[in-house]
Every structure is written in structure tokens, then in C-alpha cells.
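Peer 1: Have a look at this one.
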């Protein structure tokens, strides 16, 4: 089969493609650097010609509310139209657990808009909603720095290694489309502060880390379960301590 990976040169795309080529599929890594821009539509029709499956793992380059919404709405519309023209049989998208349950977050609102476009496109789909990547834990912590203290939200956290995300995406991609949303979480669920303490201890970082009931996640106030699966979910295998030890 021909599989087009939108965002194929990014973190997840580069890990996903070897899973698919190892199964003998013809895989195209599509991104602006390769002349394929889903946001503008440039090169999209040519890239999707003859494609059986499209996997969208592209991420917005800017997180400002209006910019990220425009990115996912424009790319969603363009992909839907191009896939209909190319008679694509399965659209797979990477999204975020509880995308529709955190309206305070502009990024989550944008991903919810993307999901709505996918469902309305008429192209058979699977949406894989993942929890936050282990690779982003330090960035999350840095966003919560106040003076010499890290004020993290007092919420549960279930991070995933990007390798596990790619593996799960490959599994979902090669199954028939069922027009459904699937959750994927890491193997451990603990307060966010516990993971950050483990990471910082390994780095020899002594900055004080607290779980703050008023702490914000990129401006959004979290409930305890805002970032974790609420029901049945696929599960990654790599534990956080194992991932930290290999860095």
C-alpha cells in the first residue's frame, strides 16, 4: 500500500515510517521541507495520488491561540478535500487525550477543531489520542517556573515515550478504519510533579518542585484527570525511569 505521512520529517513521523516500511509498504514522508504543505495545499494532490492511507502527525510551529487554530483548520480542510479526490481509504490522525474536555487551552481547542473536520470529511478515519510525550516533560516544567520554584498543576499525569506513540500509530494505521477515537496512555499514572522530580533528580537539578492546586498547564486550569485517559486505552511500555536512564 501507499502510505503518506503528513509531518513525516518530525519527531513522530521519523519514528513511524520505519515501522511501515518494514512491513513492505511504500511510504512517503510529506512535509513543507519536502514540498508538501497541508496548510497551504502546496504539493498535496500530487503527494496523495494513488495513496491508500494518510497519517497526519504534523504539529503547529506556533502555539499562539489564533495561529494554532488556523494551522489545524486549514490543514484539516485541505487534507479532507485532497483525500476525497484521491479516494484515500483511511485517514489516521494523532491527537491528544481529552482534547474536547479542556476548553481553556487554545491548543486543545485547535485539536478539537481538527478532529471535527476529520469526522465531517467523509473519509474513513481513526483518531489516536495520546497523553503527553516524555520528551516534553522538561518543557512543561520550564513553563511552570516562578522565580526559583516550579509550580506544577496538582494533576495526574501519564506520559508516553515517543517510540511507543510511533509503535501504536503503526498498529492503528495498518488496521481497517473504524471511524473511532482511541486513547493511548503511558504505563504509569502519578502526579505530574513526581515525574518532574524524577527527571530533575537524574539531572542533578535541585530546584524546588511543588504540586500547586492553582498551577496552570500552559494557561489552563486542570482537574485531576484532565490529561489522562478516562476509560479503556492502549498503553505504552516504556516506563519513565527507563526513558530518563537512556537520555
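Peer 1: Report, in cubic angstrom per residue, the convex hull volume of the C-alpha atoms of region 100-140.
Peer 2: Each residue corresponds to 84 Å³ of Cα convex hull volume.
Peer 1: For n ≥ 4 DSSP H runs only, could you compute -39500 (n - 2.57) per run for the chain, divide by its residues and tell me the 222 nm figure to the nearest 500?
Peer 2: -11000 deg cm²/dmol
Peer 1: Could you put 21, 181 in order, starting from the residue whose Cβ has the fewest other Cβ atoms within 10 Å?
Peer 2: Neighbour counts put them in this order, fewest first: 21, 181.
Peer 1: Going by how many other Cβ atoms sit within 10 Å of their own, how do 140, 3 line up, fewest first?
Peer 2: With the fewest neighbours first, 140, 3 line up as 140, 3.
Peer 1: Assuming 0.36 nm per residue, please report the length gained on full extension of the stretch residue 180 to residue 136 beyond their Cα-Cα distance.
Peer 2: The span from residue 180 to residue 136 would gain 13.2 nm if fully extended.
Peer 1: Could you work out the mean projected area of the convex hull around the alpha carbons of region 64-139, in square nanometres to one decimal?
Peer 2: 5.4 nm²
Peer 1: Give me Rg/Rg_expected for region 1-49, where Rg uses Cα atoms only and Rg_expected = 2.2 N^0.38 Å with N residues.
Peer 2: Normalised by 2.2 N^0.38 Å, the Cα Rg of region 1-49 equals 1.09.
Peer 1: Among DSSP beta bridges lying fully in region 37-180, give the percent that are antiparallel, nearest 5.
Peer 2: The answer is about 15 percent antiparallel.
Peer 1: Using 7 Å Cα-to-Cβ label points, what is the residue 146/residue 242 separation (nm, one decimal)?
Peer 2: Distance between label points: 3.6 nm.
Peer 1: Still on this structure, I have one more. Using only Cα atoms, tell me the angle between helix 162-173 and the longest principal axis of the chain; keep it within 0 to 90° and round to the nearest 10.
Peer 2: Roughly 30 degrees, rounded to the nearest 10.
Peer 1: Please give the residues of region 102-136, grouped as numeric ranges, whose backbone N is less than 17 Å from a label point set 7 Å along the Cα-to-Cβ vector of residue 66.
Peer 2: What the label zone holds, given the 17 Å backbone N cut-off, is 106-107, 110.
Peer 1: On to the next question. In degrees, nearest 10, range 0 to 90: what is the angle between the Cα axis of helix 65-86 and the longest Cα principal axis of the chain?
Peer 2: Around 30 degrees separate the two axes.
Peer 1: Binned at 10 Å from 0, what are the whole-percent values of the Cα-Cα distance distribution for the chain, short to long?
Peer 2: Histogram of Cα-Cα distances, whole percents per bin: 7, 31, 35, 19, 7, 1.
Peer 1: Based on the Kirkwood radius over alpha-carbon pairs, what value in µm²/s does the Stokes-Einstein equation return for the translational diffusion coefficient of region 124-247 at 25 °C and 0.890 mPa s?
Peer 2: Diffusion coefficient, whole number: 160 µm²/s.
Peer 1: Hey, another quick one. Per Stokes-Einstein, at 20 °C and 1.002 mPa s, what whole-number D in µm² s⁻¹ belongs to region 16-100, with the Kirkwood radius over Cα pairs as the hydrodynamic radius?
Peer 2: The diffusion coefficient I find is 156 µm²/s.
Peer 1: Separate question: State, in angstrom, two size descriptors of region 161-212 derived from its alpha carbons: Rg to one decimal place and Dmax to the nearest whole number.
Peer 2: That works out to 16.6, 49 Å for Rg and Dmax.
Peer 1: Angle, helix 11-21 long axis vs. longest principal axis of the chain, Cα atoms, 0 to 90°, nearest 10?
Peer 2: With both axes taken from Cα atoms, the answer is about 50 degrees.
Peer 1: Please work out the Cα center distance from region 155-201 to region 89-134, rounded to the nearest Å.
Peer 2: 15 Å
Peer 1: Follow-up. How much length is gained if the chain between residue 84 and residue 1 is pulled fully straight, taking 0.36 nm per residue apart and subtracting their Cα-Cα distance, in nm to one decimal?
Peer 2: Working it through step by step, the gained length comes to 28.2 nm.
Peer 1: Could you calculate the FRET efficiency of residue 14 with residue 42 from 1/(1 + (r/R0)^6), where r is the beta carbon distance between them and R0 is 25 Å, rounded to 0.05?
Peer 2: The value I calculate is 0.70.
Peer 1: Please identify, among 118, 150, 53, the residue showing maximal mean-square fluctuation in a Gaussian network model of the chain using a 10 angstrom Cα cutoff.
Peer 2: 150
Peer 1: How much of the DSSP bridge set in the chain is antiparallel, in percent, rounded to the nearest 5?
Peer 2: Expressed as a percentage, antiparallel bridges in the chain total about 15.
Peer 1: Here is a follow-up. Report the gain in length on full extension from residue 101 to residue 171: 0.36 nm times residue separation, minus Cα-Cα distance, nm rounded to one decimal.
Peer 2: This chain segment gains 22.6 nm when fully extended.
Peer 1: Okay, moving on. Between 207, 216, 77, where does the largest GNM mean-square fluctuation fall for the chain, given springs only between Cα atoms within less than 10 Å?
Peer 2: Greatest mean-square fluctuation among the candidates belongs to 207.
Readers should treat all values here as calculations from the given coordinates under stated rules, not as data from a laboratory. Not measured: the values here are computed from a predicted model. Reconstructed Cβ throughout: ideal geometry from the backbone, glycine too, with neighbour counts over all protein chains shown.
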